[in-house]
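The values are calculated or read from the model by the stated rules, or taken from the named source; none is laboratory data. Just so you know, these numbers come straight off a predicted model, no measurement behind them. Because the Cβ atoms are built from the backbone with ideal geometry, glycine has one as well, and the counts that use them run over all protein chains shown. In case anyone asks, the SASA skips ligands and DNA or RNA and just uses the protein heavy atoms, side chains included. Shrake-Rupley method; radii C 1.70, N 1.55, O 1.52, S 1.80 Å.
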Amino acid sequence: HKVRTMLKSLYPLALLALVSPAYAAGDAAKGEKEFNKCKSCHSIVADDGTAIVKGGKVGPNLYAVIGRTAGTAADFAYSDVMKEAGAKGLVWNEEALVAYLPDPSKFLEEKSGDAAGKSKMTFKLAKGAEDVAAYLASVVK
């Protein structure tokens, strides 16, 4: 009887946890449109060379960025602060990208512990970061 009573008292908490996640997922379709702001510097090119999004080469290729350790894409010269953040365990996921895109330098400062370091990405995505992150996650699924 005590177990049943205890479970009944926990039910509202469990329901609340399911209903209000700490991270709200974005809309990949909206993110694809929002990515137009990103493609002046970034491309999305599959490992086999297929261009999913033709874009600039100022920034690294964002194919399979989800799950990648920060600062490790081949053929790109990352800032020291980005490499430091990766060395300290930063692996890109949707939540990390959502935190990064509005203010890359501030995010990397917090992750690396290097107050003097600056991200090479000077663009700040004021809104739509959740959608862009969802789009990047969807590209390789």
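Key figures
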| quantity | calculated |
| --- | --- |
| Which numbered condition residue 124 fails, given (1) over 17 Å from residue 64 (Cα atoms); (2) assigned to a loop (DSSP other than H, G, I, E, B); (3) modelled with pLDDT under 95 | (3) |
| Residue check, residue 87 small (Gly, Ala, Ser), open to solvent by 50 Å² or more (accessible area, probe 1.4 Å) and over 14 Å from residue 139 (Cβ atoms) | yes |
| Qualifying positions in the stretch 32-42 - more than 18 Å from residue 104 (Cα to Cα) and surrounded by 15 or more Cβ atoms within 10 Å (Cβ to Cβ) | 32 |
| Pair list, Cβ < 8 Å and 6+ apart or interchain, from the stretch 48-62 residues that are open to solvent by 70 Å² or more (accessible area, probe 1.4 Å) to residues that are β-branched (Val, Ile, Thr) | 52/44; 52/45; 52/139 |
| Any pair with Cβ under 7 angstrom, 6 or more apart, that starts in the stretch 109-125 at a residue that is under 14 Å from residue 80 (Cβ atoms) and ends at one that is in a loop (DSSP other than H, G, I, E, B) and of a type in the set (D, E, K, R) | 111/88; 112/88 |
| Which listed residue is part of a loop (DSSP other than H, G, I, E, B), crowded, with 17+ Cβ neighbours inside 10 Å and not small (Gly, Ala, Ser), from 98, 65 | 65 |
| Test: residue in the stretch 18-32 that is touching a Phe, Trp or Tyr at 6+ places or on another chain (Cβ under 9 Å), within 19 Å of residue 125 (Cα to Cα), at pLDDT 95 or above and aliphatic (A, V, I, L, M) | yes |
| Flag if residue 134 is open to solvent by less than 20 Å² (accessible area, probe 1.4 Å), among the aliphatic types (A, V, I, L, M), within 22 Å of residue 40 (Cα to Cα) and assigned to a helix (DSSP H, G or I) | yes |
| Qualifying residue in the stretch 108-115 (condition: at positive phi, part of a loop (DSSP other than H, G, I, E, B) and open to solvent by less than 60 Å² (accessible area, probe 1.4 Å)) | no |
